[in-house]
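Right, one structure below, let's go through it.
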Amino acid sequence: MRPNPATSGPTGVTESTPGEFDVETVGGIGAVDAAEWDAAVRAMRLPVFYSHAFLAAYEQHPLAPIDAFGYLVVRRRGDAAGEPPAAVLPAYLQRRSDPLGQLAVAYPEAAGEPALLSHSWHCYDSHVGGQDGRADVAAAAITALRGMARGLGVRWCGVVNVRRGGATAGALAGAGLPVRPLTERFGADLTGLADLDEFLVRGARSRARTNLRRYRRRAVEHGVHSAVLPVDEADLAGVVAMCDRVASKYGTDRFYPAGVFDRFVASLGPAARVLEIRQYGRLIAAGVCLLDPHSFHSWAGGADYEVDGNFSPYYVMFAETLELALRLGRPVFEGGRGNPEFKLRHGLLARPLDACLVRA
């Protein structure tokens, strides 16, 4: 783990776990072999949140108070050089381990306690291993995570935001570990869709389709324009303000901290795009979109509803974001957590998420 001055933990340790695996733990992303890590991410089809670039940006500009950082590399004992690891996962020690107020509902016995968690709460799609869902890989990773937690003096550790019914949930359950309901995220399959209208006809409710088209038309009539920008050309301070509006509305203030969030996004480079919606030159909505080879992530965003004209800038941003995903040809659209009524009305599907929390 890479500790804060008051927190210490194992660094550069390789632990033999029961079964056929060795688990290496390091305390800083700089000590990770970036090529090996990203090769594993590609082989296991992990989302952008697991890329070395994302993790490096999060360590340099953490979006939440992190007391210690750690990275686990699970390798099959005896694998030839060059073989990708069986699993890679980050771990974060957080004294405030439940910023969204969801973990205490799933695990009331751990409410208010610090925990060593994988991934961060800014990731809504956590994995342990690949799509084959091997219970022995999950068992090795959780065994190592428990050892790290004990070394840091905390009683709880685990994995949050695991897709229910997916490979990781099956692997954790197969290893005899608890898996409990946490929340849900929303997404859609864009395979074979030509444009936004086709998506709306297929999935959105009739009234929602009508309203979305009306708002887009009114927005154009009232001087609204959109632009998709690389992070080094975007108004990141304005983006932070938009994101913070939504976070404050839902009681999660400081989830996108000003002065940190903008630097974090800037550090992502080509893995991110910024969508800006402006009326007469004034920013009225903005979103940060993340890209990986198989998914488009509508990751963070917000809107200012003080606009000229009877339309919703949030609706306009949603439509523009989907159009961007379709243009870029990603087969999966990830719409994040929260705002379920809107997302379900407009064609996204709920994907329940679980959490695995265990005593160290």
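Take every Cα pair under 8 Å whose residues are at least 6 apart in sequence, average their separation, divide by the length of the chain, and the relative contact order is 19 percent.
The relative contact order of the stretch 263-360, computed from alpha carbon pairs under 8 Å that lie at least 6 residues apart in sequence, is 20 percent.
Skip the ligands, DNA and RNA, and give the accessible area per residue of the chain with a 1.4 Å probe, whole Å².
I get 40 Å² per residue for the chain.
Taking 0.36 nm per residue of separation and subtracting the current Cα-Cα distance, fully stretching the chain between Asp232 and Lys249 would add 3.3 nm. For the chain, with all protein chains in place and a probe radius of 1.4 Å, 50% of the accessible heavy-atom surface sits on carbon or sulfur. Across the protein chains, with a 1.4 Å probe defining accessible surface, the residues Tyr71, Tyr305 rank Tyr305, Tyr71 from largest area downward. Measuring spread by the Cα atoms of the stretch 112-210 yields a radius of gyration and Dmax of 18.2, 57 Å.
Pairwise over distinct Cα atoms, reciprocal of the mean inverse distance: report the Kirkwood radius of the stretch 41-172 in Å, one decimal place. Write down the numbers at each step before the final one.
On the way: mean 1/r = 0.0658 Å⁻¹.
Computed over the stretch 41-172, the radius equals 15.2 Å.
Placing pseudo-labels 7 Å out from each Cα toward the beta carbon at Glu109 and Val260 gives an inter-label distance of 3.1 nm.
Using a simple spin-label model with pseudo-atoms 7 Å out from Cα toward Cβ, Arg282 and Glu83 lie 6.2 nm apart.
Going highest first, how would you order 182-191, 102-111, 348-357 by mean Cβ packing within 10 Å? It would help to have the intermediate numbers written out before the result.
Values: 182-191: 19.0, 102-111: 16.6, 348-357: 20.8.
With the highest mean Cβ count within 10 Å placed first, the list reads 348-357, 182-191, 102-111.
Kirkwood's formula applied to the C-alpha pairs of the stretch 217-333 gives a hydrodynamic radius of 14.3 angstrom. Remark: the Leu349-Gln131 segment gains 76.4 nm on full extension, using 0.36 nm per residue and subtracting the alpha carbon distance.
The alpha-carbon atoms of the chain define a convex hull whose volume equals 128 cubic angstrom per residue. Placing dummy labels 7 Å off each Cα toward the beta-carbon, the span from Asp189 to Phe342 is 2.6 nm.
The coefficient of translational diffusion for the stretch 296-335, derived via Stokes-Einstein from the alpha carbon Kirkwood radius under 10 °C and 1.306 mPa s, stands at 142 µm²/s. Panel note: the C-alpha atoms of the stretch 29-106, placed on their principal axes, show extents of 43, 28, 20 Å (largest first). Which residues among the stretch 284-301 fall inside the zone where the amide N is under 20 Å from a point 7 Å beyond the Cα of Leu328, along Cα→Cβ? What the label zone holds, given the 20 Å backbone N cut-off, is 285-301.
The values are calculated or read from the model by the stated rules, or taken from the named source; none is laboratory data. All values reported here derive from a predicted model rather than from experimental measurement. All Cβ positions, glycine included, derive from the backbone under ideal geometry; neighbour counts span all protein chains shown. Ligands, DNA and RNA are excluded from the accessible area calculation, which covers all protein heavy atoms including side chains. Shrake-Rupley method; radii C 1.70, N 1.55, O 1.52, S 1.80 Å.
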